[in-house]
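**Q** First the structure, which I've put down as structure tokens, then a few questions once you've had a look.
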Amino acid sequence: GDSVTQMEGPVTLSEEAFLTINCTYTATGYPSLFWYVQYPGEGLQLLLKATKADDKGSNKGFEATYRKETTSFHLEKGSVQVSDSAVYFCALSLGGSYIPTFGRGTSLIVHP
Amino acid sequence: NAGVTQTPKFQVLKTGQSMTLQCAQDMNHNSMYWYRQDPGMGLRLIYYSASEGTTDKGEVPNGYNVSRLNKREFSLRLESAAPSQTSVYFCASSSHRYEQYFGPGTRLTVT
């Protein structure tokens, strides 16, 4: 079946450090890929998305590129802030299914 | 435009009590979902409704029932609450298999 694998957390960084959160996927077709962010005490919200190979999604300084050859969608940010502390979920959605597949989430803690 | 709203925000139940979690969306989305989130378990799908008039089981449906009341509203019912149902419950909606929009969650404790 389809699956999404994220690096385990927590990821702990100092403010202004470079962030990478790895995400790889297995899918039977050509999925759309998403990153969601969940701030403490809140629901998930869409951070960025990419719908086809080589697309780059970006938002709030975060970027991720849809790499079909490596089945990856790694999340990056050049300089993290304390306010980026949250849990990040990678997810995929296939055209033939109503049910998206989520990764387990990666907690990011940014220290001042 | 409120997006996805959920009520209540917090609830404490005793074992065996029943309750209904309410969810509404104002984005004219066809599909709606109920998830539970537990520490270390990620998100688990309880039930979903692909379109008005249909509902289907997800990964963990036991102990729950749902009703798609109309296109806007999708409720989740616990008939006889158990401590194992202590969790944070999220409702989400989606337009035709694209990104999902989540509500703020209901934090449920069953004692």
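The values are calculated or read from the model by the stated rules, or taken from the named source; none is laboratory data. Small disclaimer: the values here were computed from a predicted structure and weren't measured. Backbone-built Cβ (ideal geometry, glycine too); neighbour counts: all protein chains shown.
**Q** How about the range B:6-24: which of its residues are touching an Asp or Glu at 6+ places or on another chain (Cβ under 8 Å) and surrounded by 13 or more Cβ atoms within 10 Å (Cβ to Cβ)? Before you say what the answer is, go through the steps one by one.
**A** As a first pass, look at the range B:6-24 and keep what is touching an Asp or Glu at 6+ places or on another chain (Cβ under 8 Å): B:18, B:22-24.
Answer for the range B:6-24, where residues must be touching an Asp or Glu at 6+ places or on another chain (Cβ under 8 Å) and surrounded by 13 or more Cβ atoms within 10 Å (Cβ to Cβ): B:GLN22, B:CYS23, B:ALA24.
**Q** Across the range A:72-106, which residue is modelled with the lowest pLDDT among those that are of a type in the set (Ser, Thr, Tyr) and surrounded by 15 or more Cβ atoms within 10 Å (Cβ to Cβ)? Reasoning before the result, please.
**A** Residues of the range A:72-106 of a type in the set (Ser, Thr, Tyr): A:72, A:79, A:83, A:85, A:88, A:93, A:97-98, A:101, A:106.
When the remaining residues are screened for being surrounded by 15 or more Cβ atoms within 10 Å (Cβ to Cβ), the result is A:72, A:85, A:88, A:93, A:97-98, A:101, A:106.
Values: A:SER72: 97, A:SER85: 97, A:TYR88: 97, A:SER93: 92, A:SER97: 79, A:TYR98: 82, A:THR101: 93, A:THR106: 96.
Per the criteria, the residue is A:SER97.
**Q** Okay, next question. Among (1) within 11 Å of the chain's Cα centre (by Cα); (2) at the interface with chain B (Cβ under 10 Å from one of its Cβ atoms), where does A:TYR88 come up short?
**A** Status for A:TYR88: all satisfied but (2).
**Q** Filter the range B:77-111 down to residues that are without any contact (Cβ under 8 Å) to a residue 60 or more places away in the chain and in contact with an Asp or Glu (Cβ under 9 Å, 6 or more places away or on another chain) and give me whichever is surrounded by the most Cβ atoms within 10 Å (Cβ to Cβ). Talk me through it step by step, then tell me what you get.
**A** Pass one, the range B:77-111, residues without any contact (Cβ under 8 Å) to a residue 60 or more places away in the chain: B:77, B:84-88, B:98-99.
Of the ones still in play, those that are also in contact with an Asp or Glu (Cβ under 9 Å, 6 or more places away or on another chain) are B:86-88.
Working: B:THR86: 16, B:SER87: 21, B:VAL88: 17.
So the residue we want is B:SER87.
**Q** Sticking with this structure for a sec: For residues in the range B:45-76 being among the basic types (Lys, Arg) and either touching a His at 6+ places or on another chain (Cβ under 6 Å) or surrounded by 15 or more Cβ atoms within 10 Å (Cβ to Cβ) (or both), which is farthest from the other protein chains (Cβ to nearest Cβ)?
**A** Let us first name the residues in the range B:45-76 that are among the basic types (Lys, Arg), namely B:57, B:68, B:71-72.
Subsequent filtering for residues that are either touching a His at 6+ places or on another chain (Cβ under 6 Å) or surrounded by 15 or more Cβ atoms within 10 Å (Cβ to Cβ) (or both) retains B:68, B:71-72.
On the way: B:ARG68: 13, B:LYS71: 15, B:ARG72: 18 Å.
Within the range B:45-76, the match that is farthest from the other protein chains (Cβ to nearest Cβ) is B:ARG72.
**Q** Could you grab the pairs with beta carbons closer than 6 Å, sequence gap of 6+ or different chains, first residue in the range B:1-17 and over 14 Å from B:SER84 (Cβ atoms), second one basic (Lys, Arg)?
**A** Between residues of the range B:1-17 that are over 14 Å from B:SER84 (Cβ atoms) and residues that are basic (Lys, Arg), the close pairs are B:PHE10/B:ARG107.
**Q** On to the next question. For the range A:8-65, how many residues are more than 11 Å from chain B (Cβ to nearest Cβ), within 14 Å of the chain's Cα centre (by Cα) and among the polar types (S, T, N, Q)?
**A** Summing the residues that are more than 11 Å from chain B (Cβ to nearest Cβ), within 14 Å of the chain's Cα centre (by Cα) and among the polar types (S, T, N, Q) in the range A:8-65 gives 6.
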